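The values are calculated or read from the model by the stated rules, or taken from the named source; none is laboratory data. It should be emphasised that the depicted structure is a prediction, and the values quoted were computed from it without experimental measurement. Glycine also receives a Cβ, built like all others from the backbone with ideal geometry; neighbour counts cover every protein chain displayed. Just so you know, the surface numbers come from the protein's heavy atoms only, side chains and all, with ligands and any DNA or RNA stripped out. Shrake-Rupley method; radii C 1.70, N 1.55, O 1.52, S 1.80 Å.
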Amino acid sequence: MGVSPEAAARLSALPPAVRRGEPATWMNPGRRPAADALADAEMGAADLEAAEARWRRFAPLLARLFPEIEDGRIDSRLLALPEATARAVVAGGSGRVWVKADHDLPVTGCIKARGGVYEVLAYAERLAAGAGLLEGAADYGAFAAAPFRAMFARHVVAVGSTGNLGFSVGLMARALGFAVEVHMSHDAKAWKKERLRALGAAVIEHPGDYGSAVAAARAAFADRADAHFVDDEDSRDLFLGYAAAARDLRRQLAAAGIPVDAEHPLFVYLPCGVGGAPGGVAFGLSLLFGDAVRPVFVEPVAAPCMLLQLAAGPEHPVSVYAIGLDNRTAADGLACASASLLAARAAGPLVEAVVTVADDALFRWLRRLWDEAGLRLEPSAAAGFAAVAPFAAGIDPGLAARATHLVWTTGGAHLPDAEFEAALARGRTAA
Ligand SMILES: *Cc1c(COP(=O)(O)O)cnc(C)c1O
């Protein structure tokens, strides 16, 4: 990807550690007061409300399709860490540490169950409304009935994915009876392809990286009236599905007696791939809490695509290859060379900092969280833990003492045993 001269100048001003692929903490110079940033955003409070209302409409369907969620809500627990682990996370700093346990989210065991499931539901709702099927339906449990399924079976849901998005979209779309195509880069993990095929999804492999798989699929589905392409790099529905997590978290914070206000900031550590999931969550939280929420995005040292995009500015698309990084990381959920411009525009001005972390650190934290807290994480999902100490070292100590650090664990519960064991083993030997 070529880079404009203006963007090139901004990238050349990046800290040398970022360019060298070493851990770095980058304070976002483009951060703005939440009220200003949100006033200029292309989405707003009404969109968040609408997303929450859609989740509520579909609760009877979700409860019916997935008996593990009796109330039909796809949400995770808010967990405290054992004292000693929490102390190690802040490493000599202060503030309380909590975990938002999306690694154990119902249905697909990863944060994509928020965005991916939501986008499939939105598409199904549009189709059903267009076909007049909603008239006379008592509630959305009707989406599981024969006339709905017959119509969905004539439509394709397609997605480009490194694995987790494809799984969440594929699972939901297959549960409704859609045909599903998942476009993956050829180096995507074999077990992820098999898991999709087992759902009845077609898996199409592409040469090149994740971005090229998405681009190829986007082109293939551009003109198809019988298909919907879930565009990880440019989807409002995905973004808003993630954003709706904010309301659930607010309820949990209140129930746990955790204050979030100007005196008691909430630092939220979000693993970032293309940026839709962390961007949506940061956006939703900022709508609810304003400047009291301070989102910190976390990226692998080899794939800091959002850091570069925020540095270059949203009008100048960049990729990590432009500064000589190779996008190679064991954190496959975060292995993205280019960020979503939609996420960069909507959430970029809300981001306090981006912290980059080395793969070894992910595995060390993965092991530690399993040994000490029983959390089953995939490497991507451990990223937040590696970011707290480097970031917190730069916070005013008085403020830090009153702060809460919330680490968002984004996936892992459904990792096959062999994968998890291998990750644990690497965590035991990682330097
Ligand atoms: C997809 C994913 C992320 C990041 O989400 P993006 O929308 O790509 O930024 C983080 N962790 C896990 C486990 C994921 O699957």
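Can you list the GluC sites (Glu not before Pro) in the stretch 358-431 that are in a DSSP coil and have 13 or fewer other beta carbons within 10 angstrom?
Here no GluC sites (Glu not before Pro) fit, given the DSSP loop and packing criteria.
Quick one: Debye curve from the alpha-carbon atoms of the stretch 377-423 only, equal weights, vacuum; give me log10 I(q)/I(0) at q = 0.19, 0.22, 0.24, 0.33 Å⁻¹ to two decimals.
The calculated log intensity ratios at q = 0.19, 0.22, 0.24, 0.33 Å⁻¹ are -0.66, -0.77, -0.84, -1.16.
Using the Cα centre as the reference, give the magnitude of the dipole from point charges on the C-beta atoms of the stretch 354-431 (Lys, Arg: +1; Asp, Glu: -1; all else neutral), rounded to the nearest 20 debye.
About 180 debye.
What percentages, rounded to whole numbers, describe P(r) for the stretch 112-238 computed over all alpha carbon pairs with 10 Å bin width beginning at zero?
Per 10 Å bin, starting at 0, the Cα pair percentages come out as 14, 46, 30, 8, 1.
Counting each pair of different Cα atoms once, what's the Kirkwood radius of the chain in Å, rounded to one decimal?
21.6
On a 0 to 90 degree scale, rounded to 10, what angle separates helix 210-221 from the longest Cα axis of the chain?
Relative to the chain, helix 210-221 is tipped by roughly 20 degrees.
Which one, V214, G170, A225, projects farthest toward the positive side of the charge dipole computed for the stretch 112-238 from Cβ point charges (K/R +1, D/E -1)?
G170
Tell me what the chain gives for mean residue ellipticity at 222 nm when only DSSP H runs of n ≥ 4 count, each as -39,500 (n - 2.57), the sum divided by the residue total, rounded to 500 deg cm²/dmol.
-14000 deg cm²/dmol
For the stretch 1-89, what mean projected area does the convex hull of the alpha carbons give, in nm²?
11.7
Efficiency by 1/(1 + (r/R0)^6): what FRET value for R250 and E205, r their Cβ-Cβ distance, R0 = 25 Å, to the nearest 0.05?
0.05
State the answer as a single residue: which of V18, V120, L79 lies farthest towards the positive end of the charge dipole of the stretch 1-132, with beta carbon charges of +1 for Lys and Arg and -1 for Asp and Glu, about the Cα centre.
The listed residue farthest towards the positive side: V18.
At 7 Å along the Cα-to-beta-carbon direction for both R77 and L134, put a label point, then send me their distance in nm to one decimal.
Label-label distance for R77 and L134, simple model: 3.6 nm.
Using 0.36 nm per residue of separation minus the Cα-Cα distance, give me the extension gain between M27 and E42 in nm, one decimal.
Roughly 3.0 nm would be gained on extension.
Just the number, please: carbon plus sulfur as a percent of the accessible area of the chain, 1.4 Å probe, no ligands or DNA/RNA counted.
Answer for the chain is 53 percent, counting heavy atoms of protein chains only.
Per-residue counts of other Cβ atoms within 10 Å, averaged by peptide: what ranking do you get for 196-205, 151-160, 6-15, 400-409, highest first?
Packing proxy ranking, top to bottom: 400-409, 151-160, 196-205, 6-15.
Which distance in nm do the two modelled labels at H264 and A8 give, with both placed 7 Å along the Cα-to-Cβ direction?
5.1
Assigning unit charges at the beta carbon (Lys, Arg +1; Asp, Glu -1) and nothing else, what dipole magnitude in debye, to the nearest 20, does the chain show about its Cα centre?
Result for the chain is approximately 500 debye, rounded to the nearest 20.
Charges on Cβ only, +1 for Lys and Arg, -1 for Asp and Glu, centred on the Cα centroid of the stretch 18-75; of L65, G30, L48, which one is farthest towards the dipole's positive end?
G30
Could you give the dipole magnitude of the stretch 112-238 about its Cα centre, charging the beta-carbon of Lys and Arg +1 and that of Asp and Glu -1, in debye to the nearest 20?
The dipole magnitude comes to about 420 debye.
Hey, can you find the accessible area per residue of the stretch 344-431 for me, probe 1.4 Å, expressed in square angstrom?
I get 33 Å² per residue for the stretch 344-431.
Bin by bin, in steps of 10 Å, what percent of the Cα pairs in the stretch 332-431 do you find, going until the bin that has the longest distance?
14, 40, 32, 14, 0
What does DSSP give for the chain in terms of the percent of beta bridges that are antiparallel, rounded to the nearest 5?
Roughly 20 percent of the DSSP beta bridges within the chain come out antiparallel.
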